[in-house]
């Protein structure tokens, strides 16, 4: 991005999304995108400041807790189905 052009809002949103979800360091992402680390850090901070107010956070935490619990149940069900499928496949081959 050092060619003098201003980044588009879509570029900024994608850069922030990568910084928050990719598991890579911000430095790596900034290098790959051709922007400065301080620029990416500022965009992430601005994005966080623009998010929902802090008072909504308890609701988000409760939702996250509910979704994690649901995810655990679904994983258990999936494992049961895998075992049942293997059992019946083994039984059918006899």
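The values are calculated or read from the model by the stated rules, or taken from the named source; none is laboratory data. Not measured: the values here are computed from a predicted model. Methodologically, a virtual Cβ is constructed for each residue, glycine included, from the backbone with ideal geometry; neighbour enumeration extends over all protein chains shown.
Go through (1) in a helix (DSSP H, G or I); (2) surrounded by 10 or more Cβ atoms within 10 Å (Cβ to Cβ); (3) modelled with pLDDT of 90 or more and name the single condition residue 10 misses.
It fails just one condition, (2).
Which one of these is modelled with pLDDT under 85 and out of contact with any strand residue (DSSP E or B) (no Cβ under 9 Å at 6 or more places or on another chain): 59, 32, 47? If you could, list the steps in order and put the result at the bottom.
Values: 32 fails: modelled with pLDDT under 85; 47 fails: modelled with pLDDT under 85.
Among 59, 32, 47, only 59 is modelled with pLDDT under 85 and out of contact with any strand residue (DSSP E or B) (no Cβ under 9 Å at 6 or more places or on another chain).
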